[in-house]
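The next block holds one structure in the form of structure tokens; read it before the comments.
Derivation of every value follows stated rules applied to the coordinates shown; laboratory data play no part. Every value quoted in this text rests on a predicted model; they were computed, and no experiment measured them. FYI the Cβ positions are ideal-geometry reconstructions off the backbone, even for glycines, and counts take in every protein chain you see.
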Amino acid sequence: MKSSEKEALSYLSRRRFTVLFSGGKDSTASLLWVLENIPHNRWNVVYIEITGNTHELCTEYVKNICERLDILNKLEIRRREDLDFFDCLKKWGMPLIGKYRWCMYQFKLKLIKDIPFQVTGVKRSDSVMRSKRSPVELFRAAKNMSINPIFDWSNEDVLSYIKEHNIEPNPCYKLFRHSGNCMFCPYHRDDQIILTLQDPVWGSKIIEILQDLKAKGRITREKKERWLRWVGQTTLDEGRVKK
């Protein structure tokens, strides 16, 4: 057991908590870890659907996995009923890290402020920013405690763990190389953008919005142009596409 797991186990064994299950590989691994390691049953599962921007396959996957693991009674699905992601994109522009990342605030953080202890799939290897976090920490944005049991895991550890439990990854990974929880994201990789734009429903929806989106500022313009330059790309040219 890695040090992050030991720290998480010590903390969670004494508390009631919530597993944030997005349908992604990392949160799937964290959910399986909780089932395997936590000695009590005082926890639940929350899935946040990004209204208007989440693929139905992602939502179905979450429900199916919880049913298969016999924890469907623990699952709560939360979503903003008063907002739609693409309406907000038209109104507020591109959500950017370091500026106004309204997608995170409006569609996620506002929905978890009542959760004092949350288990996530954060890993230190995800990014430079996440490498500075800890297995157990105060998540200042939501003012709650974040417990990250797979913090020290690699991507290979995650995939192996899921496979060991005979769980198939979210089918959206085969279609788009991302979980489908956020179909449009300014920070998707090039290969993810190409595959997302190929979808007959989501592709046309995203293209229409971006073509009309006002690009205020250099970064917004770059993010918009990065998506639009892949319009019409029908194959993944491995020599050109960033992965």
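Numbers at a glance
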quantity: Enclosed volume per residue, in Å³, of the convex hull spanned by Cα atoms of the stretch 107-243; calculated: 162
quantity: Globularity ratio of the stretch 101-164, using Cα Rg and 2.2 N^0.38 Å; calculated: 1.22
quantity: Rg and Dmax of the stretch 3-171, Cα atoms only, in Å; calculated: 15.8, 47
quantity: MRE, 222 nm, helices only [DSSP H, n ≥ 4, -39500 (n - 2.57), over the chain, to nearest 500]; calculated: -11500 deg cm²/dmol
quantity: Highest-fluctuation residue, K63, K113, K25 considered, GNM on the chain with Cα pairs under 10 Å; calculated: K113
quantity: 0 to 90° range, to nearest 10: angle between helix 56-68 axis and the chain longest Cα axis; calculated: 10
quantity: When each of K2/K174; K90/K205; K123/K163; K99/K132 is checked by Cα-Cα distance, pairs over 23 Å; calculated: K2/K174
quantity: Those aspartates and glutamates that a straight Cα-Cα span of less than 19 Å connects to K224, excepting residues fewer than 8 apart in one chain; calculated: D87, D190, D191, D199, E208, D212
quantity: Selection from N37, Q233, P95, by position along the positive dipole direction of the chain (Cβ); calculated: P95
quantity: Three-way shape call for the stretch 146-192 based on the alpha-carbon gyration tensor, with the a/c threshold at 1.5; calculated: oblate
quantity: All Cα pairs of the stretch 188-243, percent lying beyond 14 Å; calculated: 52
quantity: Label-point gap, in nm, between E168 and H40 - each point 7 angstrom along Cα→Cβ; calculated: 3.7
